[in-house]
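Notes for the one structure printed next.
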Amino acid sequence: MGFSNRGLRGSTFEEMINFTNERYRSNSLAIVTKVPTPITPVAIDKENRTITLGYFEKKSTVDYIGVVQGIAICFDAKETRQKNFPINNIHRHQIEFMEEFTKQKGIAFMLVNFVLYDQYFFLPFVQLKGLWDAAQAGGRKSMPYDSFDKKYMVEYRGGYLHYLEAINVYLDDIDTNLI
C-alpha cells in the first residue's frame, strides 16, 4: 500500500486535539498521547528530509491513548464534511481494539468533527459499536448529525477542545445507569 496525503485529512482537527492534550498535561489533568502510525519509507527526499513514498507496516489501533485522573482512555478522531458520520470511516481492527480496551475497564470513544456545522462530539464506544454492528449487518451506513446526543457536544473555546467535560458527562451517565 502506497503512502499518500490522505492520512493528512483532519490534520487541523488533530492539531486542536494535540494542543488540548498538551494543555491537559501541563495542568496535570491528563496524559494523552498520539499513537504513531508505523510507516516504512521506500523513497526519501534527502534535501527536504521527507518521506515521498512509503507503506504502512501494520494496521494501527486508535489515534490517542492515555489516562485521565486514573482512568484509561483511548479514542480516535474522525471528521466529516457531510451531514452525517459515515460508519465506513471506522475499521474492524479499531472496533476490536476499543472493545478489548473497554473490557479492561478503560473508556473508548470517538471524537467526531462535523466540519459543516463546526461542531464536535464525544461518541461513546457502546453507541459506536451498536452502529457499527448494525452497518455490518446491512443496516444504516451512517449516523446523522441530528442523532448525535447534544449532551456529548464538545465545546471549542479558549483555543481548546474540552473533551474531558464530555467524559465527565459520560461517567455521570454510567453512574446513574443511563448507559
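What does the accessible area per residue of the range 55-128 come to in Å², with a 1.4 Å probe and no ligands, DNA or RNA counted? List each step's numbers first, then the result.
Details: 3650 Å² over 74 residues.
Ligands and nucleic acids excluded, the figure is 49 Å² per residue.
Which entries of K105/K129; K83/K150; K105/K141; K78/K129 show an alpha-carbon separation above 19 angstrom in the structure shown?
K105/K141
Provide the net charge surrounding A166, with neighbours chosen by a C-beta distance below 12 Å and charges set as Lys +1, Arg +1, Asp -1, Glu -1. Provide the component values of the computation, followed by the final result.
On the way: positive: K150, K151; negative: D149, E155, E165, D172, D173.
Every neighbour counted, the sum reads -3.
Report the extension gain between V126 and L171 in nm, rounded to one decimal, defined as 0.36 nm multiplied by the number of residues separating them, less their alpha carbon distance. Walk me through the numbers on the way to the answer.
Values: separation 45, 0.36 × 45 = 16.20 nm, distance 1.28 nm.
Here the segment from V126 to L171 would lengthen by 14.9 nm.
What is the Rg over Rh value, at two decimals, for the range 85-124, using alpha-carbon atoms and the Kirkwood definition of Rh? Don't skip to the answer; put the middle values down first.
On the way: Rg = 11.9 Å, Rh = 11.3 Å.
Ratio of gyration radius to Kirkwood radius: 1.05.
Taking K and R as +1 and D and E as -1, what net charge do the other residues with C-beta under 14 Å from the C-beta of L178 add up to?
Details: positive: K151; negative: D149, D172, D173, D175.
Overall, the nearby charge balance is -3.
Roughly speaking, to the nearest percent, how much of the range 85-163's 1.4 Å accessible area is carbon and sulfur?
Working: 1940 of 3880 Å².
The computed percentage sits at 50.
Return the ratio Rg/(2.2 N^0.38 Å) for the range 97-149, where Rg is computed over Cα atoms only. Can you show the working numbers first?
Numbers: Rg = 12.2 Å, N = 53, 2.2 N^0.38 = 9.9 Å.
Its radius of gyration relative to the 2.2 N^0.38 Å reference: 1.23.
What is the extension gain from L29 to E96, computed as 0.36 nm multiplied by their sequence separation minus the C-alpha to C-alpha distance, in nm to one decimal?
Numbers: separation 67, 0.36 × 67 = 24.12 nm, distance 2.77 nm.
Extra length from L29 to E96 when fully extended: 21.3 nm.
The values are calculated or read from the model by the stated rules, or taken from the named source; none is laboratory data. Keep in mind that this is a model prediction, so the values were computed, not measured. Glycine gets a Cβ as well: all are built from the backbone with ideal geometry, and neighbour counts include every protein chain shown. What goes into the accessible areas is simple: the full protein's heavy atoms, side chains included, and nothing from ligands, DNA or RNA. Shrake-Rupley method; radii C 1.70, N 1.55, O 1.52, S 1.80 Å.
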